[in-house]
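Working notes, structure below.
Each reported figure results from applying straightforward, stated rules to the coordinates on display, with no laboratory input. What you see is a predicted model, and the numbers here were worked out from it, not measured in a lab. Cβ coordinates were reconstructed from backbone atoms using ideal geometry, including for glycine residues, and neighbour counts include every protein chain displayed.
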Amino acid sequence: MAKEGNNQNRQYIIRGFFILIAIALVGKSFQIQVLDSSYADTARAVVVSDITIYPSRGLILDRKGKLLVANKAMYDLMVIYNLVQEDMDTTKFCNLLNISKEAFIENLEKDFDHDNKYDRKVPFPFLKKISSEQYARFQESMYEFPGFFIQMRNVRNYPFRTGAHVLGYVNEVTQSQIEESEEKFANGEVNSKYERGDYIGAKGLELQYEEQLKGVKGEKKVMKDNFGRIEGAWQDGSRDKDPISGYDLLTTLDVDIQLYAEELMRNKRGGVVAIEPKTGDILAMVSTPTYDPNLLSINRDRGQAFSYLVADTLRPFYDRALMAQYPPGSIFKAITSLVGMHTGVWNVDRGVGCSGGYDYGGSRRLGCHGHVYPGDLVTGLQHSCNSYYCQLFRDVVDQYGYKNAGEGLDTLMKYVRRFGLGDELGIDLPNEKPGLIPDSKYYDNIYKKGSWKSPTIISVAIGQGEVQMTTLQMANAAAAIANKGWFITPHLAKGFYQDGKPVDNERINLSRYDTGIAPEFFQPVHDGMEMAVTAGTARMANVPSFTLCGKTGTSENKGKDHSVFFCFAPKEDPQIAIAVFVENAGFGGSFAAPIASLIAEKYLNDGEIDESRIWIEERMLDSNLLQAK
């Protein structure tokens, strides 16, 4: 009987256990189906999708905080094909967006079966680059068009319409750029910094500092049903990531000087670079002809504008300040003066007779304009006497003997290179050109080794022949002379900021370089450059309110010669160094010198130009050398 009672108890326990399980299951089912809708949502949602949230690209500002590059809202109209209703009012839809019905069909119907870029359940761009006005108009009626939604993007905007070559522009990323940014891991996973549809810096500072400016994309995870409809946030948004804006870039540019320099160079072909000598900060960097950078902002007319600029015979995309390599002309004489004195080959008080030119090689002559007897280096520089500098050049090159010109030339060019010439300076912009400073090996390749002598390359004495410099290098050389023998790598980035706090600024190259020329040899060169402005070849550059030191150059050309000038001011405490190169403008004192002096005056005198020089300003502003050519 006891055994039978135990069996009955065991049956009751087992039955009770199953009853408890049944109650629990019924309760859970009640919770899932009635009390908690999240399970129903999850059941309907067959996939979790990521929606990209794009960050704001970092702003670009001038040295005083004025906005050079801003962000402007632009919108992409996205579509999920499976959610588009067949009976939608396509006429109203097309009118709102100002597109044709043919464009509607072309933008909607894709080769879903063969093109893996498109999926009927996954959003893809229906119409890119919708303006704010179009968006506002469409938004009011968007509820009438299921399957379509707006994705906001930030595109670039340029408030001052200046600095196109320096600032650069952004493009939509290419497939090759996507592949180049890929990181491959040991487990076979591939991670790319960019995806189709992303924007990337393509030129100028936008390209140079892409990593700092681009920011970090955010991500929103959503649940979608089998028709591609969004059912809600995944896990209440706990897995979402907010976007991180790019760093703001404070540049060294002074937008007022940049604008003024572009105005003076309007209707001219050439370049201008202005540098703060003590810091290497680039205050202005101009290449003309130029273009309004807003033309290449991301918009629906961009392709047409780009094609027009590419086809322009004036080559507005070509950066003449950074890439064009020119013979510097007589500004080279200031540097050879320093080398001659430093090496002990030339005495500052030495004079050289000039009878209208320098005769060499029997019947050959380098002509010179009329001037007083250059009894010392200051006077020789003041009047840019070719006879004086041909003799100085020959003495430096022949210092080890007439038949050993190669060693003397290499000594000269060793110091010339230390002014930052003949190689890239390392500015924080892509596509910098190195120029050319020829040495003995260069001429050994042109002529038979040992057959060339100082008269063979005499044109180098006046900055002609094979010598080439960029306008940036000319300005940097002027800064080195202003500093009496040293310079800081010229640069455009002054600092990066996030939420107003400085970040990542160790990337800015502020290296200091010494020319190796003793400081005491710079004073006579400064004096000669001052005299060139006050009573020599650059009188139109004379400014009443401060002492400007400058040197003209006339760069010989097959057509009309080029006008060249570099300078610094004030003489006592240089605050600005400038180089101006104007193609086909003739003598250095005619255009390059007055343009440089006006820029210096504008900068040093708080935007004011002396009344006695207004006529010079008007002449520079009104001159059209493109038309003349």
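What's the exposure ranking of C368, C567, going from fewest to most Cβ atoms within 10 Å?
C368, C567
Shape call for the range 503-629 from the C-alpha gyration tensor, a ≥ b ≥ c root eigenvalues: rounded (a/c under 1.5), prolate (a/b greater than b/c) or oblate?
Here the range 503-629 falls in the rounded category.
To make sure I understand the rule: partners must be lysines, Cα under 18 Å from the Cα of K571, and not fewer than 8 residues away in the same chain. Which ones qualify?
Within the straight-line cut-off, K571 pairs with K278, K484, K551, K602.
What is the chain's relative contact order, in percent, from Cα pairs under 8 angstrom and six or more apart in sequence?
Reported as a whole number, the value is 14 percent.
Considering amide H positions built from the backbone, and no H for Pro or chain starts, which residues 5 or more places from L127, or on another chain, come under 5 Å of its amide H?
L77
Run the reach check for K560 against aspartates and glutamates, Cα to Cα strictly under 18 Å, same-chain hits fewer than 8 apart removed. What comes back?
Here the aspartates and glutamates satisfying the reach criterion relative to K560 are E583.
Can you spot the aspartates and glutamates whose alpha carbon is less than 18 Å from K241's alpha carbon? Ignore those fewer than 8 places along the same chain.
D50, E195, D198, E219
Rounded, prolate or oblate, given the Cα gyration tensor of the range 434-592, with a/c below 1.5 counting as rounded?
In terms of gyration-tensor shape, oblate.
Rounded, prolate or oblate: which fits the range 515-568 when a ≥ b ≥ c are the square roots of the eigenvalues of the alpha-carbon gyration tensor, with rounded for a/c under 1.5 and prolate only if a/b beats b/c?
oblate
Using packing as a proxy for protection, rank 370-383, 545-558 so that the peptide with the highest average count of other Cβ atoms within 10 Å comes first.
Listed from highest to lowest mean packing, they are 545-558, 370-383.
Checking the table K128/K268; K193/K501; K72/K184; K129/K203; K129/K501; K117/K217 against a 29 Å threshold on Cα-Cα, which pairs fail?
K128/K268; K72/K184; K129/K501
Divide by every residue of the chain the summed helix terms, -39500 (n - 2.57) for each DSSP H run of at least 4, and state the resulting mean residue ellipticity at 222 nm, rounded to the nearest 500 deg cm²/dmol.
Rounded to the nearest 500, it is -9000 deg cm²/dmol.
Could you order peptides 572-582, 420-430, 82-92 by the average number of other Cβ atoms within 10 Å of their residues, highest first?
Highest mean packing first, the order is 572-582, 420-430, 82-92.
Taking amide H positions as placed 1.01 Å from N in the peptide plane, with prolines and chain starts having none, which residues 5 or more places from S192, or on another chain, fall under 5 Å of its amide H?
Sorted by chain and number, the residues that satisfy this are E183.
Can you put S623, S451, S56 in order, fewest other beta carbons within 10 Å first? Kindly include the intermediate steps, with their values, before the conclusion.
Values: S623 19, S451 10, S56 14.
Sorted ascending by nearby Cβ count, the order is S451, S56, S623.
Hey, how much of the P(r) for the chain falls beyond 31 Å, as a percent of Cα pairs?
Values: 121231 of 197506 pairs.
In whole percent, the long-distance tail amounts to 61.
Set the Förster distance to 51 Å, then compute FRET efficiency between R300 and K449 from the Cβ-Cβ distance, nearest 0.05.
FRET efficiency, R300 to K449: 0.25.
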